[in-house]
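The values are calculated or read from the model by the stated rules, or taken from the named source; none is laboratory data. All values reported here derive from a predicted model rather than from experimental measurement. All Cβ positions, even for glycine, are placed from backbone atoms using ideal geometry, and neighbour counts span all protein chains on display.
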Amino acid sequence: MIPDNNIKEMRQILYEFLDQKMEEDERIVVIDADLSKSNGTYNLRKKYPNRAFDVGVAEQNMAGIGAGMAAYGFIPFISTFVPFATRRICDQVAVSIAYANRNVKIIGSDPGIAAELNGGTHMSFEDIGVFRSIPNMVIFEPVDVIQLKKALPQIVEYEGPLYIRFFRKWTPTVFDEDYEFNLFKGDLIKEGKDITIIASGIMVYEALLACKKLKEKGIDGELINIHTIKPIDRDCIIKSARKTNRVVTCENHNTIGGLRSAVTEVLSESYPVIVKGIGVQDRFGQVGKLPYLKKAYGLEADNIVNACMDIINN
C-alpha cells in the first residue's frame, strides 16, 4: 500500500489528543525515554514543560516515575518502543504499576515487524504474552487512525494500567468516521458463514484483503477485529465460532502467548473448534522493510487465505 498523504500517522493523532487533553486536564502527564521525536510527543515539552518529561535511556526509571505520579492522582502516559515498554520494564510494570493498580498508560510503539530496520533487538514478538500474564493489565492495539482517535478518550477515562500497542506511522484505513468504538468489545467488520477470521492491529487490513480473495473462491468469511486482547471479548468470539465452526487468527506477534493463545483459551473452554494461527512462528526478528517482513514471516493476505482453505478442505 502507498501511504495516503491525506491520512495522518498514528503518532500525529496521539500528539493532537495529548495536546488537547493536557490543556483541559492538569492531571495528564507524558514521560518519554529518549524517543519523543520518534513517537511524536516531543513538542509537548515546549508547551507543557512541567508535565512533559524525558528521562533519557532509563525506561525502568520512567515506569517508576509514572507509578509514583499516578499515586498522587496524575494520569501518566509513559512512552518508548515496544521492547523497552514491555521486556525491559516488566518488573517495574508488574510491581510498581500493576500490583499497585496504578493508573498508568503505557505506550509501546513499533510492535512486531513494525520495528523494520531496527532489527531483531527492537522487534518484539512477545510483548502481548508478557503483559497478558500480569494481573490488572489491559492490552489495546489500534487498527488505524480513526480507531485510535475514538479510543483515546475512553483510555483516559479507564482507571487502571493499560498498554497501547502502538503502530506509530501510516496505516491503511479500515474504519470510517461513523464507527462506534467500545474499548471492551470486538468489532464485527464483515459478516460471513463459512469461516471466522479474528485479527488485530495491522493484520486486520490483510484479513480484509483475504476476505475479498476468499469470496472469489466462493468462501464467505466473517471478519472480527479484536483490538483489546486483554480482557478479550469472549462473547464475540464464541458467537462467531458457533456460526462457522472454523477459526483463523491473525496477529503481528508470536502465535505463542498472543491473540491466538487468547482465542484458543476461550474456545477450548466454551466451544472447541479447529483454530489455525497466522503470526510469527516462534522466531526472532530481523532487519527489513515492512513488505519484505510480511512475506518473510507469513503475514500476508495469501497466507490467511491458504490457512482458511486448509481448514475448509480438511
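A few comments on the model shown:
- Residues being over 18 Å from A63 (Cβ atoms) and assigned to a loop (DSSP other than H, G, I, E, B) - total across region 137-184: 24
- Candidates in region 77-91 are the residues that are in contact with an Asp or Glu (Cβ under 8 Å, 6 or more places away or on another chain) and in a helix (DSSP H, G or I); of these, the one that is surrounded by the most Cβ atoms within 10 Å (Cβ to Cβ) is A85.
- Residue list for region 253-272, restricted to those being among the charged types (D, E, K, R) and surrounded by 20 or more Cβ atoms within 10 Å (Cβ to Cβ): R260
- Some residue of region 37-58 being assigned to a helix (DSSP H, G or I), more than 19 Å from the chain's Cα centre (by Cα) and of a type in the set (S, T, N, Q): no
- Given (1) farther than 30 Å from A67 by Cβ; (2) surrounded by fewer than 23 Cβ atoms within 10 Å (Cβ to Cβ); (3) under 14 Å from the mean Cα position of the chain (by Cα), index of the condition K169 fails: (1)
- Counting only helices (runs of 4 or more DSSP H) that sit completely within region 213-312, those holding 1 or more residues that are of a type in the set (D, E, K, R), under 20 Å from I202 (Cβ atoms) and touching a residue at least 12 places away in the same chain (Cβ under 8 Å) correspond to 259-270, 290-296.
- When each of V275, V287 is tested for being among the hydrophobic types (A, V, I, L, M, F, W, C), under 30 Å from H122 (Cα atoms) and surrounded by fewer than 16 Cβ atoms within 10 Å (Cβ to Cβ), the lone residue that passes is V287.
- Qualifying positions in region 26-63 - touching a residue at least 24 places away in the same chain (Cβ under 8 Å) and of a type in the set (K, R): R27, K47, R51
- Any hit, region 9-18, residues being outside any strand (DSSP E or B), of a type outside the set (D, E), under 22 Å from the mean Cα position of the chain (by Cα) and over 30 Å from P291 (Cα atoms): yes
- Residues that are among the small types (G, A, S), under 12 Å from I189 (Cβ atoms) and in contact with a Pro (Cβ under 7 Å, 6 or more places away or on another chain), drawn from region 199-240: none
- Selection status of V305, of a type outside the set (K, R) and within 24 Å of S124 (Cβ to Cβ): no
- The residues in region 277-311 that are among the β-branched types (V, I, T) and either within 18 Å of the chain's Cα centre (by Cα) or at pLDDT below 95 (or both) can be counted, and the count is 2.
- Filtering region 107-118 for residues that are buried (at least 24 other Cβ atoms within 10 Å of the Cβ) and part of a loop (DSSP other than H, G, I, E, B) leaves a non-empty set.
- When every residue of region 199-215 is checked against the conditions, none turns out to be of a type in the set (S, T, N, Q) and surrounded by fewer than 23 Cβ atoms within 10 Å (Cβ to Cβ).
- The C-beta contact set for region 169-180 (first residue aliphatic (A, V, I, L, M), second residue in a loop (DSSP other than H, G, I, E, B), distance under 9 angstrom, 6+ apart or interchain) comprises V174/V143; V174/D144.
- Here K8 fulfils each of the conditions (1) closer than 24 Å to W170 by Cα; (2) surrounded by 19 or more Cβ atoms within 10 Å (Cβ to Cβ) apart from (2).
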